[in-house]
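Inspection log for the structure reproduced underneath, given as structure tokens.
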Amino acid sequence: MSTDRPRPIIVDDIDPDIVYTGPWFQDQGSQNSAGNFGPVFQDTLHGTKSDASLSYAFNGSRVVVFGSNSLRNDSGVLDPSWECFVDKISIGASKPFPFDENNWVFCQQDTLVDGPHVLTVNVTVAKAQTFWFDQIQYVPSASVALDQQIILVDSLDPELQYGPGWQALGGTANMTSVQNAQFEFHFTGIQLSWYGFIPQEFPHGPSPATYSIDGQTPINFLLKGLPQVSGSIYNQEFFSTQALSPGPHKLVVVHEGTGSTTPLTLDYIVVQNGTIPATNTTSNPNNGTTAPASNTTSGTKSKTPVGAIAGGVIGGLVLILLAVIGFLFLRRRDKRRLSRESASSFDPGHTVEPFNAGVQTGPSLQALQTAQVGSGYSSRGYIHHGSMPSSSNTDFTSIVAPSSGTTGHPQPLQPNRLPSSSNTSEFNPYVPHEPLVPPKVQREREAAEAALRLHRPPAGPRPFSAQSDDTPSSLMLHEDSGVRISPDGQRVNRVLEVPPLYTPG
């Protein structure tokens, strides 16, 4: 399961590597119905009604602590309270939330130095209000072995293959309402679970779907939909495979519902990794030990191919010589071409065609100076798929509009993919661009600037002159000396003036 996108490791509350200090107790599913963020992970929690702590050592660069939020408010005093530490440095705690919710972020640190760390959570309980701990997620270092680990694969993972009919849903998941829309994922592990959420804004009727592993007979599962008075619910496990043999597998999911039933959504996939038996040694069938390589030599002695070596050396020298001759020839040809171009640029016999008397049509200056910039692209980084906004409405601001492709459906969210464009040339709003100006306008600007420089007074103080204050000044733009022809075809004589030359003082 190698991928450039980091996949977090999930550490459930029952993991034996978590060190609990104090009167902790284990709970089995009593809080699953709290809030609309779904049941707790694997239906287990650790709780405490007194001051306690827990710690966990890991190697990674990011860590998040989840639990079930359940606070008691006595005149503004909240109970329980907690504080998280990484390597004895406080990373604080999340803001208090007044309602009960599972899969709630208690604390997190996103910018750890990649390496070994120790997470500690200190809990303070004033009036026996239970503190519920659920799981830890961390982005592991490259050296961390994934054997027997629980891996989270979010909906943006580059190895997820969405077929036609899938589209983005609210910027946090992908969905399809198209019948027979398919999904594929190649993974290594011994079990897989699919998690999505059920949006309130779509039809609520039950929707059938199937999944299959390694081309076996498809297994049916049902999207139950929502009650009419219910809001969106999150972190829903749609199906979980049976135990698989350790090694690589292929998952295929097919949506069999329609646009009038509950859509199939994908928020994240949880994979239980398994150990693949090593096969890089050759065993002796007689005693089971590794067979060593044979060091015996045959009776025929090998001879050094002197002729082949000499031929190879001579051939290499010939190739080098040919390359040098070719380089010198190309260099000499380029010099001759540059000399001819330089001579032709000063050809006294070169003539200039007069301006065309006809009116030429083309884009206006305003049109040339206006550049259209496409919609901005924002890339989202690593996203937690537990806590959602506490609202019954799903955020649909990032739903991709239907494309004009053959499928008629936009592509699902994918990492490192920019919106496609039908234009052959692209305009990058982050790279400065000079405005497009016609040559004639550019020449007029340069002429006006030159005239202003001629009439600009020299630097430094100058004596007072009454005439300079009373005499009005004007600017005449002098055109080039090309031939001008009137619209009726008659030659027109124009008077071309040049600025007078003034003596200093």
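The values are calculated or read from the model by the stated rules, or taken from the named source; none is laboratory data. For clarity, every value in this text was computed on a predicted model and none was experimentally measured. Here the Cβ is made from the backbone with ideal geometry for all residues, glycine too, and neighbour counts use every protein chain on show. Side chains included, ligands, DNA and RNA excluded: accessible areas come from the protein's heavy atoms. Shrake-Rupley method; radii C 1.70, N 1.55, O 1.52, S 1.80 Å.
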(message) I need a count of the residues in the range 237-273 that are assigned to a loop (DSSP other than H, G, I, E, B), among the hydroxyl-bearing types (S, T, Y) and surrounded by fewer than 18 Cβ atoms within 10 Å (Cβ to Cβ).
(response) 3
(request) Tell me which residues, restricted to the range 122-173, are touching a Gly at 6+ places or on another chain (Cβ under 6 Å) and of a type in the set (V, I, T). (result) T130, V139
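Residues in the range 99-109: is at least one surrounded by fewer than 17 Cβ atoms within 10 Å (Cβ to Cβ), among the polar types (S, T, N, Q) and either in contact (Cβ under 8 Å) with a residue 12 or more places away in the chain or part of a loop (DSSP other than H, G, I, E, B) (or both)? Let's see the steps before the verdict.
Residues of the range 99-109 that are surrounded by fewer than 17 Cβ atoms within 10 Å (Cβ to Cβ), as a first pass: 99-100.
Checking which are among the polar types (S, T, N, Q) leaves us with none.
Checked against the condition, which is being surrounded by fewer than 17 Cβ atoms within 10 Å (Cβ to Cβ), among the polar types (S, T, N, Q) and either in contact (Cβ under 8 Å) with a residue 12 or more places away in the chain or part of a loop (DSSP other than H, G, I, E, B) (or both), the range 99-109 yields no hits at all.
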(message) The conditions are (1) open to solvent by 10 Å² or more (accessible area, probe 1.4 Å); (2) in contact with a Lys or Arg (Cβ under 8 Å, 6 or more places away or on another chain); (3) not in a strand (DSSP E or B), and E184 fails exactly one of them. Which is it?
(response) (3)
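Filter the range 39-80 for residues that are closer than 17 Å to K127 by Cβ, outside any strand (DSSP E or B) and modelled with pLDDT of 95 or more and give the result.
Keep residues of the range 39-80 that are closer than 17 Å to K127 by Cβ, which gives 47-52, 69-80.
Next cut, outside any strand (DSSP E or B) only: 49-51, 70-71, 75-76, 80.
Across the range 39-80, the qualifying residues are K49, S50, D51, S70, L71, P80.
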(message) Six or more apart or on different chains, Cβ atoms under 9 Å: show the pairs whose first residue is in the range 185-203 and at pLDDT 95 or above and whose second is of a type in the set (D, E) and surrounded by fewer than 24 Cβ atoms within 10 Å (Cβ to Cβ).
(response) F185/D157; F185/E159; H186/E159; F187/E159; S193/E237; W194/E237; Y195/E237; G196/E237
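Confirm whether D157 is open to solvent by less than 10 Å² (accessible area, probe 1.4 Å), in contact with a Ser or Thr (Cβ under 9 Å, 6 or more places away or on another chain) and not in a strand (DSSP E or B). Full working, then the answer.
Numbers: open to solvent by less than 10 Å² (accessible area, probe 1.4 Å): yes; in contact with a Ser or Thr (Cβ under 9 Å, 6 or more places away or on another chain): yes; not in a strand (DSSP E or B): yes.
Yes: the conditions hold for D157.
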(message) So, in the range 160-176, exactly how many residues are open to solvent by 30 Å² or more (accessible area, probe 1.4 Å) and over 20 Å from the mean Cα position of the chain (by Cα)?
(response) 1
(message) Looking at T176, T172, T130, T210 in this structure, which one is farther than 22 Å from F37 by Cα and of a type in the set (S, T, Y)?
(response) T210
(request) Could you tell me which numbered condition Q216 fails, if it satisfies all but one of (1) free of Cβ contacts under 8 Å to residues at least 12 places away in the same chain; (2) crowded, with 18+ Cβ neighbours inside 10 Å? (result) (2)
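Would you confirm whether or not the range 222-236 contains a residue that is free of Cβ contacts under 8 Å to residues at least 24 places away in the same chain, part of a strand (DSSP E or B), more than 27 Å from D147 (Cβ to Cβ) and open to solvent by 20 Å² or more (accessible area, probe 1.4 Å)? Before the answer, list the steps.
Start the filter on the range 222-236 by keeping residues that are free of Cβ contacts under 8 Å to residues at least 24 places away in the same chain, which leaves 222, 227, 229.
Those still in the list that are part of a strand (DSSP E or B) too: 222.
Imposing the further condition that a residue be more than 27 Å from D147 (Cβ to Cβ) reduces the set to 222.
If we keep only those that are open to solvent by 20 Å² or more (accessible area, probe 1.4 Å) too, we end up with 222.
The answer is yes, given that some residue of the range 222-236 is free of Cβ contacts under 8 Å to residues at least 24 places away in the same chain, part of a strand (DSSP E or B), more than 27 Å from D147 (Cβ to Cβ) and open to solvent by 20 Å² or more (accessible area, probe 1.4 Å).
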(message) Criterion first (under 30 Å from W24 (Cα atoms), open to solvent by less than 60 Å² (accessible area, probe 1.4 Å) and free of Cβ contacts under 8 Å to residues at least 60 places away in the same chain) does F133 satisfy it?
(response) no
(request) Could you list all residues from the range 34-45 that are within 33 Å of the chain's Cα centre (by Cα) and open to solvent by less than 30 Å² (accessible area, probe 1.4 Å)? (result) F37, G38, V40, F41
(message) Suppose we filter Q31, Q26 for residues that are closer than 21 Å to L71 by Cα, in a loop (DSSP other than H, G, I, E, B), modelled with pLDDT of 95 or more and open to solvent by 30 Å² or more (accessible area, probe 1.4 Å); which single one remains?
(response) Q31
(message) So G76 passes all but one of these: (1) under 28 Å from S230 (Cβ atoms); (2) open to solvent by 10 Å² or more (accessible area, probe 1.4 Å). Which condition number does it fail?
(response) (1)
